[in-house]
1. Are any residues in region 24-46 in a strand (DSSP E or B), more than 13 Å from LYS169 (Cβ to Cβ) and at pLDDT 95 or above, and if so, which ones?
2. Kindly provide the set of residues from region 93-114 that are buried (at least 18 other Cβ atoms within 10 Å of the Cβ) and over 19 Å from THR41 (Cα atoms), ordered by number.
3. Residues in region 115-122: is at least one at pLDDT 95 or above and crowded, with 19+ Cβ neighbours inside 10 Å?
4. Out of region 65-80, which residues are touching a residue at least 24 places away in the same chain (Cβ under 8 Å) and within 19 Å of THR130 (Cβ to Cβ)?
5. Six or more apart or on different chains, Cβ atoms under 9 Å: show the pairs whose first residue is in region 35-63 and touching a residue at least 24 places away in the same chain (Cβ under 8 Å) and whose second is among the basic types (Lys, Arg) and in a loop (DSSP other than H, G, I, E, B).
6. Looking for something modelled with pLDDT of 95 or more, under 18 Å from PHE140 (Cβ atoms) and assigned to a strand (DSSP E or B) - is there at least one such residue anywhere in region 91-99?
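The values are calculated or read from the model by the stated rules, or taken from the named source; none is laboratory data. Computed from a predicted model, the values in this text were never measured in an experiment. Every residue, glycine as well, gets a Cβ built from its backbone with ideal geometry; the counts of neighbours run over all protein chains shown.
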Amino acid sequence: MKSKLLIVLTLASGVLVLNSCSKDKTTTTTSIYITADIDGTATTFSTNAIAVTGTENGQSFTSLNGQAKDGTTISLVLAGTPIAGKTYSDAAANDDDKPLLLYTPPGANADSYLNDDDDSSNLPTVTVSTLTSTSISGTFKGKVEGGIAIGNNNTLPTKSITNGKFSLKYSK
């Protein structure tokens, strides 16, 4: 739980960095991208798309971040040093093998969506396909939940993320 809180705080700082970057800086190289279908709608997060590594309280992480033209952001966080060929899944027993997905729609009052661990049929997963000293690529999917509970049953709104792909360069 402590490590998940640490990662959430790290993600929040990553989102702030993305939002503080120039909104008109779009990466035009086709090899740098994050794409996914959000509730069935194809979305490209190529503005400020980047992979960042860091250490917080002695725990290393890799954060994959991008922003869509409308200001929507997506971040995928992996604990530790990524491993090529490895699938990180919310079904993992070890917290360090669980990815963290963060989806934030545009707007100052937008609620962020995080991993939905309750739907075992669509748990968040991130697979690292290729890894070099300068780049990382792979796939991801999963259901995220967030916002304010709606209705009498206090259900949180959800977003389904499918067909996720990324190919990013590491920040220097």
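1. Listed by number, the residues that qualify are THR35, ALA36, ASP37, ILE38, THR41, ALA42, THR43, THR44.
2. LYS98, PRO99, LEU100
3. no
4. Of everything in region 65-80, those that are touching a residue at least 24 places away in the same chain (Cβ under 8 Å) and within 19 Å of THR130 (Cβ to Cβ) turn out to be ASN65, GLY66, LEU76, VAL77, LEU78.
5. THR44/LYS69; THR47/LYS23; THR47/LYS25; THR47/LYS69; ASN48/LYS23; ASN48/LYS25
6. no
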